[in-house]
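Visitor: Here it is: the structure, laid out below.
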Amino acid sequence: MKNLLLFCCLLLLLAGCQPSTNSNSKTTSVTSPSGNNQIEFQLSSDGQPGYLVKHNSKIIIDSSLMGFDFKTQKGFINNFKIKNTSTETQKETWEMPWGEQRSVLNHYSQLKVELEESAPPHRPWNIYFRAYDDGVAFRYEFPKQEGVDTLFILDEKTQFQLTGDPTCWWIPGDWDIYEHLYSTTKFSEINAVSKANHPNLAQTHIPENSVNTPMTMKADDGLHLSFHEANLTDYAGMTLKTDTKNLLMTSSLVGSNIRDYKVKRALPFKTPWRTIQIADQAKDLIASKLIVNLNEPNKLGDVSWFKPKKYVGIWWEMHIDVARWDYGVREENAPKQAVPPKPHGKHGATTENAMRYIDFAAKNNIGGVLVEGWNRGWELWIGFDDREDVFDFVTPYPDYDLKKVADYAKSKGVEMIMHHETSSTPRTYSKQLDTAYALMKSLGMHSVKTGYVGPIIPKGEYHHGQWMVNHYRKVLETAAKYQVAINAHEPIKATGIRRTLPNAISREGLRGQEFNAWASDGGNPPEHLPIVAFTRMLSGPIDFTPGAFEMSLKTKPNNQINTTLAQQLALYVVIYSPIQMACDLPQNYENQPAFQFIRDVGVDWEQSIVLDGEVGDFVTIAREERGTGNWFVGSITDENKRTVKINFDFLPEGKTFKAKIYKDGANAHYKTNPLDIIIEEENIDKNTIKEFVLGEGGGLAISLVE
Ligand code: NOJ
Ligand code: CA
């Protein structure tokens, strides 16, 4: 098919359908502003659309076909002809209300190809292509059709034809969860189905050999590509089916066992963008702003009611079994809504405990406190099928005085962060959204961590299908009306919606810190985060919850944190999120000199500079804090000890900074000596170049204050 397409392109070329200065011919390719990336539209001899991508004139995605299968009409396969093409360029800068950087350049060239079936009923189909200097993207538009108002999509068949067998960092195309460890294999060796039945996942469904996005790969010549999607709105999440023999990926949408279609949309509509980030060096992937740029501008206007912040919370103590979310023991055969009459005495969310965390936050420059397990329903959380109408998002357990805690927090200048574990009952949650957010507003709470643990009810829907995509969006939109920001766990993937709805502040959507507390597979290996930085993090902010100080967990002798202490600090810089947890227990931070870094580190950035990195090995990032001009540097390594050279030439001219350096000690090792840390102070300026040794699983964190 590849050869056929190439042949047809040749024909097209001869027929004058290639880009040309001849004004009679139709433009069918578009080149990025600096000329490095080009995406070409192609039409095969039988009228099937496709495309090809070049980087510096070299083909990096070979001829790839596009198509759709529909339930109630003939698929979009072939028999199309070009009706019209048009191009435009855009160059704008826009401001992030909070983010990795203040201003973002959105500069691209666009080609719109208007297609029409050659034979009756002459259905129209448009494709938009955009070329940026950091990648390319395209999306489909389904215009109105005579006599048809709704389209039922069985699947989208967008191909991505690779030109070699790159090294890939991938997680399986699970329809229900992204919390898998990354595998590093050649493309030809991807075996996603082998990841099924993971013992630590509350829900998982991997129907075929496909991967989830962002999917990052490195070709033999060093070129990095990352495949993802932008503006996932009223559509199903996309996985990429891998044909390992033919080095071909094809979009495969997340479906449902209830509906006999994957997407239902009223005409006209546009699909999400299919994106390919293209980078000569790994570090440029992290700097890319392609995904947010492909989303629409801020629709919420002034969002200054949310302030980026660090937070602590009644959280880790549950994950390490010191406390429990539920209040007491459930009586056998008790009605679902009954409050357990017998407290077991291990309930974490008590008024007193919350006040203890508030005091700690107020003393330590930490703006927020999260309390999990405060509300009724937890005794029926995990392992129950009948979860509908169990969780109550307004009624606290008897030992938690919501109002008193909120007032106390306010008096201390701390903001409470709400918690809504839906236990994957979106209908139950939807019914309570308005009352729950109105309650938050009345208490002065502007952010909520949501959760979707367990298989979705109704059974047969999956976390990443269209039905849930619409639920997650409805939550964001409803919350915005009450000035509430969302940090979703077990979320739909980030696709840059934060540009349009900035109250999408952060999310999980990866194996977070919590796995170190209880995963039966030994927790997150040291290479996990050096992979995450170049995969999951390309999609948007991550609520990873760093800041563990007790690495060998007293209450969990079989678990440990597989990083050094210096790496836990470095994560505040390496991982971007406008809310960053200090996850450990307050008592584990007492009298710890290293905790000073968490007190000091910023959470909102004027600019970010990715200094160096290789996927799965290490990454070093410098960020300038908004409003203060302070700089912070974070560097992390995998299981290998390595020397990192930092050139501080990113610092402003003529200024000397007091640097506080938190580095691995000579014997630091994530397994044997994670707490070996050296803290030093010295002056650093623009001319400083320094080498640092990171231990196995180690890190480096530097604060630079003028
Ligand atoms: C899973 C979340 O990732 C975790 O942070 C939370 O504590 C539990 N669900 C309970 O909601
Ligand atoms: Ca989780």
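Visitor: Going through R356, R387, R376 one at a time, which residue ends up being open to solvent by 60 Å² or more (accessible area, probe 1.4 Å), within 16 Å of ligand 1 (Cβ to nearest atom) and over 18 Å from N487 (Cβ atoms)? Please lay out each step first, then the result.
Guide: Numbers: R356 fails: within 16 Å of ligand 1 (Cβ to nearest atom); R387 fails: open to solvent by 60 Å² or more (accessible area, probe 1.4 Å).
Residue meeting the stated conditions: R376.
Visitor: Can you tell me which residue among S188, S251 is buried (at least 17 other Cβ atoms within 10 Å of the Cβ) and either under 24 Å from G164 (Cα atoms) or in contact (Cβ under 8 Å) with a residue 24 or more places away in the chain (or both)? Before the answer, list the steps.
Guide: Working: S188 fails: buried (at least 17 other Cβ atoms within 10 Å of the Cβ).
Result of the check over S188, S251: S251.
Visitor: Among the numbered criteria (1) touching a helix residue (DSSP H, G or I) at 6+ places or on another chain (Cβ under 6 Å); (2) buried (at least 23 other Cβ atoms within 10 Å of the Cβ); (3) at negative phi, which one does L501 miss?
Guide: For L501, the failing item is (2).
Visitor: While we're looking at this one, here's another question. For residues that are open to solvent by less than 10 Å² (accessible area, probe 1.4 Å) and touching a Lys or Arg at 6+ places or on another chain (Cβ under 9 Å), scanning just the range 133-151, find the one that is farthest from N293 (Cα to Cα). Reasoning before the result, please.
Guide: The initial filter retains those residues of the range 133-151 that are open to solvent by less than 10 Å² (accessible area, probe 1.4 Å), namely 135-138, 140, 142, 151.
With the extra rule that they be touching a Lys or Arg at 6+ places or on another chain (Cβ under 9 Å), the set shrinks to 136-138, 140, 142, 151.
Values: V136: 11, A137: 11, F138: 13, Y140: 17, F142: 22, L151: 28 Å.
Out of the qualifying residues, it is L151.
Visitor: Next up: Could you list all residues from the range 7-57 that are open to solvent by 70 Å² or more (accessible area, probe 1.4 Å) and at pLDDT below 50?
Guide: Within the range 7-57, F7, L10, L11, L13, L14, A15, T21, N22, S23, N24 qualify.
Visitor: So which of M418, M445 is assigned to a strand (DSSP E or B), on the phi < 0 side of the Ramachandran plot and touching a strand residue (DSSP E or B) at 6+ places or on another chain (Cβ under 6 Å)? Don't jump to the end; show me each part of the working.
Guide: Numbers: M445 fails: assigned to a strand (DSSP E or B).
Only one candidate passes the filter, namely M418.
Visitor: Out of everything in the range 140-162 that is over 17 Å from G237 (Cα atoms) and polar (S, T, N, Q), what residue ends up being farthest from ligand 2 (Cβ to nearest atom)?
Guide: So the residue we want is Q145.
Visitor: Can you name the residue in the range 508-542 that is more than 16 Å from ligand 1 (Cβ to nearest atom) and of a type in the set (D, E, K, R) and, of all such residues, is farthest from K554 (Cα to Cα)?
Guide: First pass over the range 508-542, keeping only residues more than 16 Å from ligand 1 (Cβ to nearest atom): 520-522, 525-527, 529-531, 533-535, 537-540.
Retained after the next criterion (residues that are of a type in the set (D, E, K, R)): 521, 527.
Working: D521: 18, E527: 24 Å.
Restricting to residues being more than 16 Å from ligand 1 (Cβ to nearest atom) and of a type in the set (D, E, K, R), the top hit is E527.
Visitor: Output the number of residues of the range 476-493 satisfying the condition of being touching a His at 6+ places or on another chain (Cβ under 9 Å) and either aliphatic (A, V, I, L, M) or within 16 Å of ligand 2 (Cβ to nearest atom) (or both).
Guide: 6
Visitor: Just wondering, is there one or more residues in the range 170-178 that are open to solvent by less than 30 Å² (accessible area, probe 1.4 Å) and farther than 21 Å from Y462 by Cα? Walk me through it before giving the result.
Guide: Narrowing the range 170-178 to residues open to solvent by less than 30 Å² (accessible area, probe 1.4 Å): 170-178.
If we keep only those that are farther than 21 Å from Y462 by Cα too, we end up with none.
Within the range 170-178, none of the residues are open to solvent by less than 30 Å² (accessible area, probe 1.4 Å) and farther than 21 Å from Y462 by Cα.
Visitor: Pull up the range 163-192, narrow it to residues that are of a type in the set (A, V, I, L, M, F, W, C) and out of contact with any strand residue (DSSP E or B) (no Cβ under 7 Å at 6 or more places or on another chain), then point me to the one that is nearest to ligand 2 (Cβ to nearest atom). Please lay out each step first, then the result.
Guide: Taking the range 163-192 and keeping what is of a type in the set (A, V, I, L, M, F, W, C), we get 168-171, 175, 177, 181, 187, 190, 192.
Adding the requirement that they be out of contact with any strand residue (DSSP E or B) (no Cβ under 7 Å at 6 or more places or on another chain) leaves 175, 177, 181.
Details: W175: 16, I177: 8, L181: 14 Å.
Once the filter is applied, the top-ranked residue is I177.
Visitor: Just for strands (runs of 3 or more DSSP E) wholly inside the range 163-248: which have at least 1 residues that are among the charged types (D, E, K, R)?
Guide: Working: elements: 167-170, 183-186, 215-218, 224-230, 238-243.
Strands (runs of 3 or more DSSP E) meeting the threshold: 183-186, 215-218, 224-230, 238-243.
Visitor: Sticking with this one: It is to be established whether one or more residues within the range 522-531 are within 16 Å of ligand 2 (Cβ to nearest atom) and either touching a Gly at 6+ places or on another chain (Cβ under 8 Å) or aromatic (F, W, Y) (or both).
Guide: The answer is no; no qualifying residue exists.
Visitor: Which ranges mark the helices (runs of 4 or more DSSP H) fully within the range 546-626 that have 2 or more residues being open to solvent by 20 Å² or more (accessible area, probe 1.4 Å) and over 20 Å from K641 (Cα atoms)? Step through it out loud before you land on a result.
Guide: On the way: elements: 565-574, 586-589, 595-600.
Counting at least 2 such residues, we get 586-589, 595-600.
Visitor: Scan the range 433-450 residue by residue and report those that are open to solvent by less than 40 Å² (accessible area, probe 1.4 Å) and not hydrophobic (A, V, I, L, M, F, W, C).
Guide: Y437, G444, H446, S447, K449, T450
Visitor: In this structure, does S423 turn out to be assigned to a helix (DSSP H, G or I) and either away from ligand 2 (no atom under 16 Å from the Cβ) or more than 13 Å from V484 (Cβ to Cβ) (or both)? Walk me through how you get there before you give the answer.
Guide: Details: assigned to a helix (DSSP H, G or I): no; either away from ligand 2 (no atom under 16 Å from the Cβ) or more than 13 Å from V484 (Cβ to Cβ) (or both): yes.
Considered against the rule, which asks whether it is assigned to a helix (DSSP H, G or I) and either away from ligand 2 (no atom under 16 Å from the Cβ) or more than 13 Å from V484 (Cβ to Cβ) (or both), S423 comes out as no.
Visitor: Identify, by number, the condition in (1) in contact with a strand residue (DSSP E or B) (Cβ under 9 Å, 6 or more places away or on another chain); (2) over 29 Å from A236 (Cβ atoms) that R507 doesn't meet.
Guide: Single failed check for R507: (2).
Visitor: Which residue, of A219, A202, A236, A230, is assigned by TED's automatic domain parsing to the domain that holds G50, closer than 30 Å to Q48 by Cα and open to solvent by 10 Å² or more (accessible area, probe 1.4 Å)? Working first, answer last.
Guide: Values: A202 fails: closer than 30 Å to Q48 by Cα; A236 fails: open to solvent by 10 Å² or more (accessible area, probe 1.4 Å); A230 fails: open to solvent by 10 Å² or more (accessible area, probe 1.4 Å).
After ruling out the rest, the residue left standing is A219.
Visitor: Right, here's the next one. Give D321, D260 a once-over and let me know the one that is assigned by TED's automatic domain parsing to the domain that holds T150, acidic (D, E) and farther than 20 Å from P398 by Cα. First the steps, then the outcome.
Guide: Numbers: D321 fails: assigned by TED's automatic domain parsing to the domain that holds T150.
Result of the check over D321, D260: D260.
Visitor: Same structure, new question: Sort out which residues of the range 466-485 are open to solvent by 10 Å² or more (accessible area, probe 1.4 Å) and either within 16 Å of ligand 1 (Cβ to nearest atom) or of a type in the set (K, R) (or both), and write them in order of number.
Guide: Once the filter is applied, which keeps residues that are open to solvent by 10 Å² or more (accessible area, probe 1.4 Å) and either within 16 Å of ligand 1 (Cβ to nearest atom) or of a type in the set (K, R) (or both), the range 466-485 yields Y472, R473, K474, K481.
Visitor: Do we have D543 as assigned to a loop (DSSP other than H, G, I, E, B), within 16 Å of ligand 2 (Cβ to nearest atom), in contact (Cβ under 8 Å) with a residue 24 or more places away in the chain and open to solvent by less than 10 Å² (accessible area, probe 1.4 Å) here?
Guide: Working: assigned to a loop (DSSP other than H, G, I, E, B): yes; within 16 Å of ligand 2 (Cβ to nearest atom): yes; in contact (Cβ under 8 Å) with a residue 24 or more places away in the chain: yes; open to solvent by less than 10 Å² (accessible area, probe 1.4 Å): yes.
In short, yes.
Visitor: Could I ask something else about it? Mind checking which residues of the range 451-461 are away from ligand 2 (no atom under 16 Å from the Cβ) and surrounded by fewer than 23 Cβ atoms within 10 Å (Cβ to Cβ)? Spell out the reasoning first.
Guide: Just the residues of the range 451-461 that are away from ligand 2 (no atom under 16 Å from the Cβ), to begin with: 457-461.
Once the filter is applied, which keeps residues that are away from ligand 2 (no atom under 16 Å from the Cβ) and surrounded by fewer than 23 Cβ atoms within 10 Å (Cβ to Cβ), the range 451-461 yields I457, P458, K459, G460.
The values are calculated or read from the model by the stated rules, or taken from the named source; none is laboratory data. Computed from a prediction, not measured in an experiment: that's the story for all the values here. Glycine gets a Cβ as well: all are built from the backbone with ideal geometry, and neighbour counts include every protein chain shown. For accessibility, only protein heavy atoms count, side chains too; no ligands or nucleic acids. Shrake-Rupley method; radii C 1.70, N 1.55, O 1.52, S 1.80 Å.
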